[in-house]
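Down below is the structure, laid out as structure tokens.
The values are calculated or read from the model by the stated rules, or taken from the named source; none is laboratory data. Being a predicted model, the structure only gives us computed values, none of them experimental. Ideal geometry is used to build each Cβ from the backbone, glycine not excepted, and the neighbour counts take in all protein chains shown. Heads up: the accessible areas ignore ligands, DNA and RNA and are worked out on the full protein's heavy atoms, side chains in. Shrake-Rupley method; radii C 1.70, N 1.55, O 1.52, S 1.80 Å.
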Amino acid sequence: VRELSYAEQLDLIHRLTDPATDELMRRLRLPGGSHGLDAGCGSAWQTLRLAELAGPTGRVTGLDSDPQNLSAARRAVGDAGKGSQVDLVEGDLLDLPFDDAAFDWAWCADVLWVGMVVDEPAAALAELTRVVRPGGTIALVYWSAQRLLPGYPALEARLDTAFAGTVPYVAGIRPGQHAMRALAWLRRAGLSGTRAETAVADVQGPLSAERRAAMIAVFDMLWGTLQPVLDAQDWAAYRRLCAPGSPDNVLDDPDYYGYVTYSAFHGRRP
Ligand SMILES: C[S@@+](CC[C@H](N)C(=O)[O-])C[C@H]1O[C@@H](n2cnc3c(N)ncnc32)[C@H](O)[C@@H]1O
């Protein structure tokens, strides 16, 4: 089986998590005809959803620092026939190649991880705030939780504990640098009306082949590299319950249920 590219993995996982991120996008009530920035747009999956919400006269600029992700994004935008509504720009979140107040809003999903993408959030927040017009909104959006191993709460808690010390949560970062503290980052950047909200993507069996593949990609993303830090029994249990070819894979239960949550932290530039 061919290894999926990073952009392909993102797209696969978005098929599961879309209900949560779509809900958060809708709650932002992006004005029709507005021009937004999708900072760290990856494969442009969400850029295209945001463009839909901004309406036929709206525009979205997707920015990413990775040329490979941007090529995938260009293909996706071309395939969707949205070239007139979506621009894609290579650039760094910390040095945005845009004028002051160029956008009505900015969306930044699963990008701003301290210890991985930035040393501290303030510089990135200052840049995002600079390019959004007064009255415009900034939303920092993160995958925030999941329950994916029904019936195995203790094992799942141990897997999550092991994951919490690895990327993107990088062991050793200070509590105030964790994404769940993003309300303070927005407030310190001078934004008003700061608000956090969470939406859920449910994953219910029986799973289609596509959703099963997406869940396998999720298991792998969360727990697939933890062998060195797990005890042998937990690693064996993880493989038995989650490996694609295992006869005991939890995803093959027609009554499987799990969920993923996304949280948005947003505020308005005064
Ligand atoms: C986990 S992906 C999320 C992509 C997209 N927001 C989504 O939710 O599908 C993180 C993205 O951030 C981009 N990225 C990382 N550091 C960046 C930086 N300093 N400036 C711009 N983009 C960056 C990566 O190239 C990658 O495409």
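With a cut-off of 12 Å between beta carbons, the residues surrounding GLU120 carry a summed charge of +2, where Lys and Arg count +1 and Asp and Glu -1. In a reduced charge model with +1 at each Lys and Arg Cβ and -1 at each Asp and Glu Cβ, the range 1-85 shows a dipole moment near 300 debye about its Cα centre.
Semi-axes of the equivalent ellipsoid for the range 28-69, computed as √(5λ) from the eigenvalues of its C-alpha gyration tensor and ordered from largest down, come to 20, 8, 8 Å. By definition, a body whose alpha carbon gyration tensor gives a ≥ b ≥ c is oblate when a/c is 1.5 or more and a/b is not larger than b/c, and the range 55-123 fits this oblate description. Within the chain, all pairs of alpha-carbon atoms sorted by distance into 5 Å bins from zero give the percentages 1, 6, 12, 16, 18, 17, 12, 9, 6, 3, 1, 0. Placing pseudo-labels 7 Å out from each Cα toward the beta carbon at GLU8 and ALA184 gives an inter-label distance of 4.2 nm. The residues of the chain expose on average 47 square angstrom of accessible surface per residue, using a 1.4 Å probe on protein heavy atoms. Could you identify which residue out of TRP107, TRP235, TRP185 has the top mean-square fluctuation in a GNM of the chain using Cα springs shorter than 10 Å? Highest fluctuation of the listed residues: TRP235.
Can you tell me the 0 to 90 degree angle between the C-alpha axis of helix 232-242 and the longest principal axis of the chain, rounded to 10? So the inclination is approximately 70 degrees. If one computes the Cα centroid of the range 224-270 and of the range 171-201, what distance in Å separates the two points? Result: 24 Å between the Cα centres. Taking max minus min of the alpha-carbon positions on each principal axis, the range 177-270 gives extents of 56, 32, 17 Å, largest first. Using the alpha carbons alone, the radius of gyration of the range 1-109 stands to its Kirkwood radius in an Rg to Rh ratio of 0.95.
The mean sequence distance of close C-alpha pairs (under 8 Å, at least 6 residues apart), as a share of the length of the chain, puts its relative contact order at 23 percent. Charge tally for ALA102 (other residues, Cβ to Cβ under 15 Å; Lys, Arg +1; Asp, Glu -1): -3. With Rh defined as the Kirkwood radius, the inverse of the mean 1/r over Cα pairs, the Rg/Rh of the range 95-243 is 1.05. Under a Gaussian network description of the chain, with springs only between Cα atoms under 10 Å, the residue in VAL218, VAL117, VAL260 that fluctuates furthest is VAL117. The C-alpha atoms of the range 85-176 occupy a region whose extents along the principal axes are 50, 30, 25 Å, arranged from largest to smallest. Per residue of the chain, the DSSP helices (runs of n ≥ 4 H) give a summed -39500 (n - 2.57) that works out to -11500 deg cm²/dmol at 222 nm. The residue list SER71, LEU4, LEU88 was ranked by how far each Cα lies along the charge dipole of the chain toward its positive end, using unit charges on Cβ atoms, and LEU88 comes out on top. Rounded to the nearest 20, the size of the Cβ-charge dipole of the chain about its Cα centre is 780 debye, with Lys and Arg at +1 and Asp and Glu at -1.
Carbon-plus-sulfur accessible fraction, the chain (probe radius 1.4 Å, protein heavy atoms only): 52%. Rounded to the nearest 10 degrees, the inclination of helix 153-163 to the longest alpha-carbon principal axis of the chain is 50 degrees.
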